[in-house]
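*Asks:* I have a structure I would like to understand better, so I am pasting it below and will then ask my questions one at a time.
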Amino acid sequence: MAVTEPAPSATTTVHEGILRRQSMRESAARTYARSLPIVPVRARGLTIEGADGRRYLDCLSGAGTLALGHNHPVVLEAIKKVLDSGAPLHVLDLATPVKDAFTTELFETLPRQFADQARVQFCGPAGTDAVEAALKLVRTATGRSGILAFTGAYHGMTAGALAVSGGAPDVRVTRLPYPQDYRCPFGVGGARGAELAGNWTESLLDDPKSGVVPPAGMILEPVQGEGGVIPGPDSWMRRMRKITADRSIPLIADEVQTGVGRTGAFWAVEHSGIIPDVMVMSKAIGGSLPLAVIVYRSELDCWEPGAHAGTFRGNQLAMAAGAATLAYVRQNRLAERAADLGARMIARLRGLAADHPVIGDVRGRGLMIGLELVDPEAAEASNGANAVAPGAAAPSPADPVLAASVQRECLARGLIVELGGRHAGVVRLLPPLTLTDEQAEAVLDRLADALTAAERARPENRRPH
Ligand code: PMP
């Protein structure tokens, strides 16, 4: 007797058809679509529903874009209001009431000292275009061409932004050490490691034979995101501010990912109290729609009209959605909420690390959290600079295969997480700032289960002992 396969449901067929056509028609360069084979059709808050009817808790949040989660009512209302008003949707960089309200709200969120004498440039809609604008601005203002950037940095994919990102060589870019505790390049970590990173920076700048191209600016992420969730210590941020100020080098803070409450302060530079010369902003400022700007000290504003043009610098819907998001985060103190909930989530993850030797490090700031997965059995000769303080154990090499397996196991349990880090061994959580305590528990429960499953499936555990 022939065994009949159950007929695939209509929803499964639609889902699979879309995924199949995507893999046939879209570029080999596609990214998230490879590790997250889902077809989102509906979303609200933390939850995404796929075309196959499955629901997922989304801790990727559009790569950290969705400060209020998906389709927050205040964002939808702001968008509808513009649509219903008959306002033009495309206006180049002309003045509109929507843009005026966005700028007012944006300046309201900035440190007073900065906002009082700042200028804003609306850029093309991606973070990378705002990075280009920042580099161009400081080069124009200083007449110099070099740029100081950091190991592990990520600033975008256009030529200039790529050049200042770690791993993209450019003769004008001087690469400086970003301090990190777990894999400290100086082998000491902590405050001493950050101090040595500062000393290195200072000595390079003051050594007439260092080969450093005279710098037009220094660009840094207050917390490195794609580089593996590495918070720059506050003392180090202040040191970078002093080093640059003393040498008249404009300091550019790339807040594309860290802004709008994500790290537990509205802008991550506020943790250290520094005022940069330029801030780069995108992602959350558009309330889920594309928007990117730079805000900078008005003395730098000496570039020519049209120096950074672009057709799509006037996205009215993004400005309305963004203004609503900024106001909601500010009025509801979501940065404080991110600080509090993030600290509790990190504490719980550190507890988990005690039972899982594959968790090499748990770190983060606010709701920007990373879990570095390692191979504890691997030989000590490992990924890069691993020397540590005398007596302390050397960190094991990163385990990108395990990280990818954890990501898959998370997806199987209805949880979407991101991967990052120098060796792609860091599981990243970027949940919306509206995450409830119960949702946070659910996220961590699923992550813990996924970790256990992925750990069990490691080849080491399948070998007979
Ligand atoms: N800077 C930082 C710190 C980022 O995290 C990103 C994106 N992940 C960018 C710049 C580039 O933004 P976009 O992808 O919108 O070009």
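*Asks:* Taking a ≥ b ≥ c as the square roots of the eigenvalues of the Cα gyration tensor of the chain, is the shape rounded (a/c under 1.5), prolate (a/b larger than b/c) or oblate?
*Replies:* Here the chain falls in the oblate category.
*Asks:* Give me the distance in nm between label points sitting 7 Å out from Cα along the Cα-to-Cβ direction at Thr13 and Arg30, one decimal.
*Replies:* 2.1 nm
*Asks:* Still on this structure: Mind listing the phi-derived Karplus ³J(HN,Hα) values for segment 307-320, rounded to whole Hz, using 6.51, -1.76 and 1.60 with θ = phi - 60°, and x for any glycine or proline?
*Replies:* Here the 3J(HN,Hα) series is 4, 9, 8, x, 5, 9, 10, x, 5, 5, 5, 5, 5, 5 Hz.
*Asks:* Name all residues of segment 106-143 having a backbone nitrogen under 12 Å from the label point set 7 Å from the Cα of Leu94 along its Cα→Cβ direction, giving them as ranges.
*Replies:* In segment 106-143, the label zone of Leu94 (backbone N under 12 Å from the point 7 Å along Cα→Cβ) covers no residue.
*Asks:* Segment 22-112: which GluC sites (Glu not before Pro) are DSSP loop and have at most 15 other beta-carbon atoms within 10 angstrom?
*Replies:* Answer in residue order: Glu26.
*Asks:* Using a 10 Å cut-off on Cβ atoms, rank the peptides 311-324, 439-452 from the highest mean neighbour count down.
*Replies:* Top of the packing list down: 311-324, 439-452.
*Asks:* When the accessible area of segment 57-133 is computed with all protein chains present and a 1.4 Å probe, what percentage of it is carbon and sulfur?
*Replies:* 58 percent
*Asks:* Write down the accessible area per residue of segment 74-331 in Å², having rolled a 1.4 Å probe over the full set of protein chains.
*Replies:* 39 Å²
*Asks:* Here's something else I'd like to know. Suppose every Lys and Arg Cβ carries +1 and every Asp and Glu Cβ carries -1, with no other charges. What dipole size does the chain come out with about its Cα centre, to the nearest 20 debye?
*Replies:* Dipole of the chain, to the nearest 20 debye: 380 debye.
*Asks:* Please give the solvent-accessible surface of Asp301 in Å², to the nearest 10, using a probe radius of 1.4 Å with every protein chain present.
*Replies:* 60 Å²
*Asks:* Report the calculated FRET efficiency for Gln113 and Asp449 (r = Cβ-Cβ distance, R0 = 51 Å), to the nearest 0.05.
*Replies:* 0.60
*Asks:* What residue among Ser248, Ile275, Gly124 has its Cα farthest toward the positive end of the dipole of segment 74-331, where the charges are +1 on Lys, Arg and -1 on Asp, Glu, each on the Cβ?
*Replies:* Ser248
*Asks:* For segment 394-465, what is the accessible area per residue in Å², given a 1.4 Å probe and the full set of protein chains?
*Replies:* About 41 Å² of surface per residue is accessible.
*Asks:* Please label the shape of segment 1-120 as rounded, prolate or oblate, based on the square roots a ≥ b ≥ c of the eigenvalues of the alpha-carbon gyration tensor (a/c under 1.5 means rounded; beyond that, a/b larger than b/c means prolate, else oblate).
*Replies:* It is prolate, given that a/c is not under 1.5 and a/b is the larger ratio.
*Asks:* If you don't mind, there's one more thing I want to ask. Got a number for carbon plus sulfur as a percent of segment 416-465's accessible area, 1.4 Å probe?
*Replies:* The C+S portion of the solvent-accessible surface of segment 416-465 is 50 percent.
*Asks:* Once each part is reduced to its C-alpha centroid, what is the distance from segment 170-235 to segment 316-335 in angstrom?
*Replies:* Measuring centre to centre over Cα atoms gives 33 Å.
*Asks:* Nearest 500 deg cm²/dmol is fine: what mean residue ellipticity at 222 nm does the chain get from its DSSP H runs of n ≥ 4 alone, each adding -39,500 (n - 2.57), divided by its residue count?
*Replies:* -12000 deg cm²/dmol
*Asks:* Within the accessible area of segment 223-281, what % is carbon and sulfur when the probe is 1.4 Å and the other protein chains stay in place?
*Replies:* The C+S portion of the solvent-accessible surface of segment 223-281 is 53 percent.
*Asks:* Sort segment 128-280 into rounded, prolate or oblate with this rule: let a ≥ b ≥ c be the square roots of the eigenvalues of the Cα gyration tensor; rounded if a/c is under 1.5, and if a/c is not under 1.5, prolate when a/b is larger than b/c, oblate otherwise.
*Replies:* Here segment 128-280 falls in the rounded category.
*Asks:* I need the Debye-formula profile for segment 74-331: one equal scatterer per C-alpha, no solvent, reported as log10 I(q)/I(0) at q = 0.09, 0.10 1/Å, two decimals.
*Replies:* Log10 of I(q)/I(0), two decimals: -0.39, -0.48.
The values are calculated or read from the model by the stated rules, or taken from the named source; none is laboratory data. In this text, all values refer to a predicted model and were calculated from it rather than measured experimentally. Because the Cβ atoms are built from the backbone with ideal geometry, glycine has one as well, and the counts that use them run over all protein chains shown. SASA here: full protein model, heavy atoms, side chains in, ligands and nucleic acids out. Shrake-Rupley method; radii C 1.70, N 1.55, O 1.52, S 1.80 Å.
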